[in-house]
Amino acid sequence: MKCQRCLNTDREFFYRGSNGWYCRKCISFGRAMLEEDRQAPAVKPVRSGSEEYVLQYPLTEAQSRVSHQCAEAIDTTSVLLCCVCGAGKTELVVESISKMLKAGKNVCFAIPRRQVVLELENRLRKYFPKAEVIGVYGGHHEKTDADLVICTTHQLFRYYRTFDLLILDEPDAFPFRGNAVLHGIAETACRGRTIYLTATPDDWLKEKEKRGELICLKLNRRPHGHDLPVPVIRTAPTVILLGILLCWLKNRSTPRMIFVPTIRQAHLLHAFLSRFVSCSVCTSKTENRDEVIEEFRQKKNGIIISTTVLERGVTIPGSDVCVFHAEHGVFDEAGLIQMAGRAGRSFQYPDGDVLFLESSRSALVRKCRKEILEANRCVV
């Protein structure tokens, strides 16, 4: 037995109901009946001229090289674009998207989080002004067919063998990482090649590279040419860390993002800092999250306290970053690298400032710092 939707083969997850066998592993997406012959959904032909694109800024020599290599490689193999945070991964796949649209092929850009879908949908509409670009996510899936589909990874279940090119952004991040169901659904949604975009590939992607199932293209330099900001580490009791944090926030002229490991700590820190400075808080439980993020984005020197919900995808130009209790078990190396990667992304403020505050010495924190230093040394 094998589920046609999530590719599950574990017999413990199959159940025979009144209408036949179905898979319980992906039951949250509706019943996938094994006896049914699944068909790819009918899609409209890609409109003429949809491949024409205009970037906001010209690619650097290194970006152009990687972009061309990726566009050539997708004819024969899938690609892992392993590029540092802020290297312009979206811009690196624009040429590949254009190539597929010109050939009348179906393209999808899948992202773990809804907030990033909204941001990327607007950006790609500007890049491809003649193409129909739509965002598909929870609560917004009345229309699912367009020249270029931008969706959350969960929405890929709607697209059985639909896409000739599937671009998976941050496949090492929650909820995609380690989720066999989402991995299977992504595989069955794509009938062609896949481009994986991440700065922190996990073991699953590394194994695919070893098996020759994809090629890896690297870019360790941001467009402005500056090194990645290297975190400054401070180790002290929590009460002293709070004093260090307040000093860091004093006389600020740039936006400041403070990451904390838990929702409870986010609200506790917000209650404390609010006595001294104006700040906002953003977690997975924040109901008006989009408004909070947009309000922070508009401020020149705002402060936002966030859990890992903002560690990827969301770009705040010119922002500096602090990770409070960076040694906490919730954080892993990839997450710390991603949070540090929120800083120094703009041409106006390319150096950035990253501060890791820990209450006990952490080998993981130092490994993260070492990886960033190594990326700065190995410019490809």
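The values are calculated or read from the model by the stated rules, or taken from the named source; none is laboratory data. In this text, all values refer to a predicted model and were calculated from it rather than measured experimentally. Note that we place each Cβ from the backbone using ideal geometry, even for glycine, and neighbour counts take in every protein chain shown.
When you scan segment 61-73, do you find a residue that is surrounded by 13 or more Cβ atoms within 10 Å (Cβ to Cβ), among the β-branched types (Val, Ile, Thr) and assigned to a loop (DSSP other than H, G, I, E, B), even just one?
The answer is no, given that none of the residues of segment 61-73 is surrounded by 13 or more Cβ atoms within 10 Å (Cβ to Cβ), among the β-branched types (Val, Ile, Thr) and assigned to a loop (DSSP other than H, G, I, E, B).
So how many residues does segment 207-236 have that are part of a loop (DSSP other than H, G, I, E, B) and of a type in the set (S, T, N, Q)? Residues flagged as part of a loop (DSSP other than H, G, I, E, B) and of a type in the set (S, T, N, Q) within segment 207-236 amount to 1. Restricting attention to segment 3-29 and to residues that are within 32 Å of the chain's Cα centre (by Cα), assigned to a loop (DSSP other than H, G, I, E, B) and without any contact (Cβ under 8 Å) to a residue 24 or more places away in the chain, the residue that is nearest to residue 163 (Cα to Cα) turns out to be 9.
Collect the residues in segment 187-244 that are surrounded by 17 or more Cβ atoms within 10 Å (Cβ to Cβ) and polar (S, T, N, Q), keeping them in residue-number order. Correct list: 188, 194, 198, 200, 220.
Scanning segment 315-342 for residues being among the hydroxyl-bearing types (Ser, Thr, Tyr) and either surrounded by 23 or more Cβ atoms within 10 Å (Cβ to Cβ) or assigned by TED's automatic domain parsing to the domain that holds residue 122 (or both) gives a total of 1. Those helices (runs of 4 or more DSSP H) of segment 237-324 in which 3 or more residues are over 29 Å from residue 89 (Cβ atoms) and touching a residue at least 12 places away in the same chain (Cβ under 8 Å) occupy 238-249, 263-273.
So, in segment 109-138, of the ones that are of a type in the set (Phe, Trp, Tyr), outside any helix (DSSP H, G or I) and in contact (Cβ under 8 Å) with a residue 24 or more places away in the chain, which residue ends up farthest from residue 314 (Cα to Cα)? Step by step, filter segment 109-138, then rank; the result is 128.
Only one entry of 345, 361, 312, 369 meets the criterion of being more than 25 Å from residue 201 (Cβ to Cβ) and either basic (Lys, Arg) or not assigned by TED's automatic domain parsing to the domain that holds residue 258 (or both), and that entry is 361. Here residue 280 passes the criteria (1) out of contact with any strand residue (DSSP E or B) (no Cβ under 6 Å at 6 or more places or on another chain); (2) farther than 20 Å from residue 240 by Cβ; (3) of a type outside the set (Lys, Arg); (4) surrounded by fewer than 21 Cβ atoms within 10 Å (Cβ to Cβ) except the one numbered (1).
The set of residues in segment 278-306 that are under 28 Å from residue 329 (Cα atoms) and more than 24 Å from the chain's Cα centre (by Cα) contains only 279.
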